[in-house]
Amino acid sequence: MTNPSQHPIDASVPHSARVWNYWLGGKDNYPVDREAGEKFLETFPGIAQEARAARAFLTRAVRYLAEEAGIRQFLDIGTGLPTADNTHEVAQTLRPDARILYVDNDPLVLTHARALLTSTEEGYADYLHASLEEPKEILAAARERLDFDEPIGLIIIGVLAHVSGYGRAKDIVRTLRDALPAGSHLIISDGTHSHQANVEAQEDYNESGAVAYNLRSKEEIAGFFEGLEVVDPGLTTVTRWRCEETEFGTPPEVDGYGGVGRKS
């Protein structure tokens, strides 16, 4: 595990992991994050619902991989701050021997890494301080912790939009998934620009000094799955992917899409 002191926390500008934590009702954030989060909510109140929906999508997708696809290894890039139903908790509930490597580049996430490392005795969980923009470095570290002769579940939730160029983002995904063995799965979700209020709120946030988040279209997100077998029901808004019906009916649509693809 990387030494937290090597990566000082910058509390002068918002950070997406901490703002996301605020929207999810967490306490691991700073005044600058809460201010940015509230300003975003003023323009696009739906972002809080979208944050919760994306988290629920992650839970359902990991459950699918562990329970139905037989995946017992996970590479979770863009982990975010610990909250309920972390990847290792969901996976190891179904497969106690599951192995998980978390990757994030926020020093505050690093300081909370021990909260993530509550693995089962049969399984494994570790944390790597690295950026999505460094796929080859991530893979090198992952090879030391995961078995690349067996399928791996690659998870990239809510962070690809931080890569400014779409072509660059596709290259990163391609580099990561090309290194994975057959039978591996890719889980992706990201925000889209379907709602004008979301676009306006995101533009304001990007001017705050934080790392910009570049909203993309559903079609662009679909491009990350090119060459993979997309699992039913395909690329959908995150609330509609294998959604669980309740007495209140079908969950509402949100401005974010997600899906799961399998590598042949």
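The values are calculated or read from the model by the stated rules, or taken from the named source; none is laboratory data. This one's a predicted model, so the numbers in the text were calculated from it and none came from an experiment. FYI the Cβ positions are ideal-geometry reconstructions off the backbone, even for glycines, and counts take in every protein chain you see. Protein only, heavy atoms only, side chains kept; ligands, DNA and RNA dropped before computing areas. Shrake-Rupley method; radii C 1.70, N 1.55, O 1.52, S 1.80 Å.
Give, to the nearest whole percent, the P(r) tail of segment 44-100 beyond 14 angstrom, counting all Cα pairs. For segment 44-100, the fraction of Cα-Cα distances above 14 Å is 54 percent. Taken over the C-alpha atoms, the chain has Rg and Dmax values of 17.3, 49 angstrom. For segment 98-193, the square roots a ≥ b ≥ c of the C-alpha gyration tensor eigenvalues yield an a/c of 1.5 or more together with a/b not exceeding b/c, which makes the shape oblate. Inter-label distance, Glu38 to Glu134: 3.6 nm, where each label sits 7 Å from its Cα along the C-beta direction.
What Kirkwood radius, in Å to one decimal, follows from the Cα pairs of segment 77-129?
Details: mean 1/r = 0.0914 Å⁻¹.
10.9 Å is the Kirkwood radius here.
Amide H contacts under 5 Å for Ile155: Leu75, Asp76, Ile77, Ile187, restricted to partners 5 or more places along the chain or on a different chain, H placed in the peptide plane at 1.01 Å from N.
Let me cross-check Lys263: its accessible surface, 1.4 Å probe, with only protein heavy atoms counted, in Å² to the nearest 10? Approximately 50 Å² of Lys263 is accessible to the 1.4 Å probe. If the Kirkwood radius is taken over C-alpha pairs of segment 12-62, then at 4 °C and 1.567 mPa s the Stokes-Einstein diffusion coefficient equals 116 µm²/s. Rounded to whole numbers, the Karplus 3J(HN,Hα) couplings from phi for segment 125-140 are 8, 9, 10, 10, 8, 7, 9, 4, 6, 10, x, 5, 5, 4, 5, 4 Hz, using 6.51 cos²θ - 1.76 cosθ + 1.60 with θ = phi - 60°, and x at Gly and Pro. Within the accessible surface of segment 1-158, defined with a 1.4 Å probe on protein heavy atoms only, the carbon and sulfur portion equals 47 percent. For segment 1-117, the gyration tensor built on C-alpha atoms gives an oblate shape. Its axis ratio a/c (a ≥ b ≥ c) is at least 1.5, and a/b is not larger than b/c.
Determine the relative contact order of segment 127-264: mean sequence separation of Cα pairs under 8 Å and six or more apart, normalised by residue count, in whole percent. Intermediate values should be presented prior to the final figure.
On the way: 206 pairs, mean separation 36.6, N = 138.
Once divided by the residue count of segment 127-264, the mean separation gives 27 percent.
Here the Karplus curve 6.51 cos²θ - 1.76 cosθ + 1.60, taken at θ = phi - 60°, turns the phi angles of segment 21-26 into couplings of 4, 5, 5, 7, x, x Hz, with x standing for Gly and Pro. Radius of gyration over Kirkwood radius for segment 183-264, both on Cα atoms: the Rg/Rh ratio is 1.04.
Inter-part distance, segment 55-71 to segment 116-180, computed on C-alpha centroids, equals 17 Å. Count Lys and Arg as plus one, Asp and Glu as minus one, and take only other residues whose Cβ is under 10 Å from that of Thr79; the net charge is then -3. Measuring max minus min along each principal axis, the C-alpha atoms of segment 51-149 give extents of 34, 31, 24 Å (largest first). What does the charge add up to near Val19, with Lys and Arg as +1, Asp and Glu as -1, over the other residues with Cβ less than 12 Å from its Cβ? Overall, the nearby charge balance is -2. Amide H contacts of Tyr127 (H built 1.01 Å from N, in plane; Pro and chain starts excluded): Tyr102 sit under 5 Å, all sequence-distant by 5 or more or on other chains. Going by accessible surface with a 1.4 Å probe and the largest first, Leu228, Leu24 read Leu24, Leu228. When only alpha carbons of segment 107-264 are considered, Rg and Dmax amount to 17.0, 48 Å.
With all protein chains kept in place, the per residue accessible area of segment 170-264 amounts to 46 square angstrom at a probe of 1.4 angstrom.
Between Arg52 and Val230, the modelled label-to-label distance comes to 2.8 nm, taking each label 7 Å out from Cα in the direction of the beta carbon. Computed per residue of the chain from DSSP H runs no shorter than four, each worth -39500 (n - 2.57), the mean residue ellipticity at 222 nm is -11000 deg cm²/dmol.
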